[in-house]
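Novice: Could you have a look at this structure, given as structure tokens, before my questions?
The values are calculated or read from the model by the stated rules, or taken from the named source; none is laboratory data. Because the structure is predicted, anything quoted here is derived from the model rather than measured. Note that we place each Cβ from the backbone using ideal geometry, even for glycine, and neighbour counts take in every protein chain shown. Side chains are part of the model used for accessible areas, which takes the heavy atoms of the whole protein and leaves out ligands, DNA and RNA. Shrake-Rupley method; radii C 1.70, N 1.55, O 1.52, S 1.80 Å.
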Amino acid sequence: MIVVLARMRIKPGCAEKIIALAERAIEATRQEAGCLGYRLLHDPYDECEFCFVETWADKQALEAHRFMEHFLTWREQSADMVIERIIKRYQAEEINV
């Protein structure tokens, strides 16, 4: 399993538009083969801070996602609102503690 934490810092005043754009991409992404989970988190203390939390079955599913039309559209439409993106990818294994 692959887990991606994609942190995003946006320009002030853009939160509502980012959320609206993301909703379309999220819905389509959740339908992709190999997508086990895809959520957007918004920091309640900082309107400019967001984080996508993604769970993928394998590397191939994640790589395919990067070329999906809805993903490319999201990146293009949000580009002028995003100040910084920090993306971390983890090879994950669940453990029961």
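Novice: Looking only at the range 46-85, which residues are among the charged types (D, E, K, R) and in a loop (DSSP other than H, G, I, E, B)? I'd like the intermediate steps shown before the answer.
Specialist: Step one: list which residues in the range 46-85 are among the charged types (D, E, K, R), which gives 46-47, 49, 54, 58-59, 63, 66, 69, 75-76, 80, 84-85.
Scanning the range 46-85 gives Asp46, Glu47, Asp58, Arg66.
Novice: With respect to Arg66, determine if the residue is out of contact with any Ser or Thr (no Cβ under 9 Å at 6 or more places or on another chain), open to solvent by 20 Å² or more (accessible area, probe 1.4 Å) and modelled with pLDDT under 95.
Specialist: It is true that Arg66 is out of contact with any Ser or Thr (no Cβ under 9 Å at 6 or more places or on another chain), open to solvent by 20 Å² or more (accessible area, probe 1.4 Å) and modelled with pLDDT under 95.
Novice: Could you please give the count of residues in the range 11-45 that are in contact (Cβ under 8 Å) with a residue 24 or more places away in the chain, closer than 22 Å to Ala57 by Cβ and either part of a strand (DSSP E or B) or touching a Pro at 6+ places or on another chain (Cβ under 9 Å) (or both)?
Specialist: Residues in the range 11-45 being in contact (Cβ under 8 Å) with a residue 24 or more places away in the chain, closer than 22 Å to Ala57 by Cβ and either part of a strand (DSSP E or B) or touching a Pro at 6+ places or on another chain (Cβ under 9 Å) (or both): 2 in total.
Novice: I need the full set of residues from the range 55-97 which are farther than 12 Å from Arg7 by Cβ and acidic (Asp, Glu), in order please. Outline the logic, then answer.
Specialist: Taking the range 55-97 first, the residues farther than 12 Å from Arg7 by Cβ are 55-81, 89-97.
Selection gives Asp58, Glu63, Glu69, Glu76, Asp80, Glu93, Glu94.
Novice: Would you please name the residue that is nearest to the chain's Cα centre (by Cα), looking only at residues in the range 51-60 that are among the hydrophobic types (A, V, I, L, M, F, W, C) and open to solvent by 10 Å² or more (accessible area, probe 1.4 Å)? It would help to see each step written out before you state the result.
Specialist: Keep residues of the range 51-60 that are among the hydrophobic types (A, V, I, L, M, F, W, C), which gives 51-53, 56-57.
Pick out the ones that are also open to solvent by 10 Å² or more (accessible area, probe 1.4 Å) and you get 51-53, 57.
Details: Cys51: 7, Phe52: 4, Val53: 6, Ala57: 15 Å.
In this case the residue turns out to be Phe52.
Novice: If Ala25 satisfies every condition in (1) surrounded by fewer than 14 Cβ atoms within 10 Å (Cβ to Cβ); (2) under 22 Å from Phe67 (Cβ atoms) but one, which is the exception?
Specialist: The number of the failed condition is (1).
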